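Okay, structure first, notes after.
The values are calculated or read from the model by the stated rules, or taken from the named source; none is laboratory data. The structure displayed is predicted, hence computed values, not measured ones. Positions of Cβ are backbone-derived with ideal geometry, glycine not excepted, and every protein chain shown enters the neighbour counts.
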Amino acid sequence: MPGSVLTVFSGWLAFQGRGSIHQVMIAAAIGALLGDLLSYWIGARFGPRIWHCGFLKKRQELLKIAELVFFEHGGKSVFFGRFLGPIRGLVPFVAGASMMPPKAFLLFSLISGLLWGISYPGIGYLGGSSWQQAETILGRLSLLLLIGLAATVILTLLRHHFLPKHNSRHRRNRTKMK
C-alpha cells in the first residue's frame, strides 16, 4: 500500500478517535524525512552502480523523469517531488546520485517532509469530518425524500378514494383526446 494512502487513512482513523492526529502528523513527517535521507544516502553511495539494477530496471522511465526534474529544478525538485506520487521516492535518490550538497538536500527535504506530514494526515482528518457532515446531510435529505414520498402516496390514495367521479371524468377526457 502506498505510504500516502496509509497516511491519509491514519488521519481518518485519528478523526475516528483511534489515535492522536498530532502523533500521526509527527510520525508521518519523521517517516518522510527518514525515507528521503535513506534514499539520498543510497543514491550518493551506490547511485551510479545500481542505476541499472534489476529492481530499478522497471523504473527507468520514472528515473529519467526524476532526473530531468532534478536537473531542471534542483532543490525545488526535492521539495515538490515529495508531493508527486510516482517520483516521490526517486527524487532523493537522484539528488544523492547527482551529489547534491547534503545541507541543501536536508533543508528542502525537512521543509517538504514537515508539510507532507501535516497535510496528508490532515486530509484524512478533514475527510472524516466532511464524511460525518455528509452522513448527517444525507440522513436529513433521505428523511425529506421519505416524507415527500409518503405525502405523495397518501394524497394519491385520498384522491382516488374521495374523488372517484373526478378520476373517471379525467380518464374519459384523456381517452377522447387521443
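General observations
- Test for residue 131: is it at pLDDT 70 or above and either in the same structural domain as residue 18 (by TED's automatic domain parsing) or among the aromatic types (Phe, Trp, Tyr) (or both): no
- The residue that is nearest to residue 81 (Cα to Cα), among those in segment 4-26 that are out of contact with any Leu (no Cβ under 8 Å at 6 or more places or on another chain) and free of Cβ contacts under 8 Å to residues at least 40 places away in the same chain, is 5.
- Verdict on residue 97 being crowded, with 17+ Cβ neighbours inside 10 Å and at pLDDT 80 or above: yes
- The number of residues in segment 74-88 that are closer than 21 Å to residue 110 by Cβ, assigned to a helix (DSSP H, G or I) and modelled with pLDDT under 80 comes to 2.
- The helices (runs of 4 or more DSSP H) located wholly in segment 1-64 that include 2 or more residues which are surrounded by 12 or more Cβ atoms within 10 Å (Cβ to Cβ) and of a type outside the set (Gly, Ala, Ser) occupy 3-15, 21-50.
- The single residue among 92, 102 that is at pLDDT 90 or above, within 31 Å of the chain's Cα centre (by Cα) and closer than 24 Å to residue 24 by Cβ turns out to be 92.
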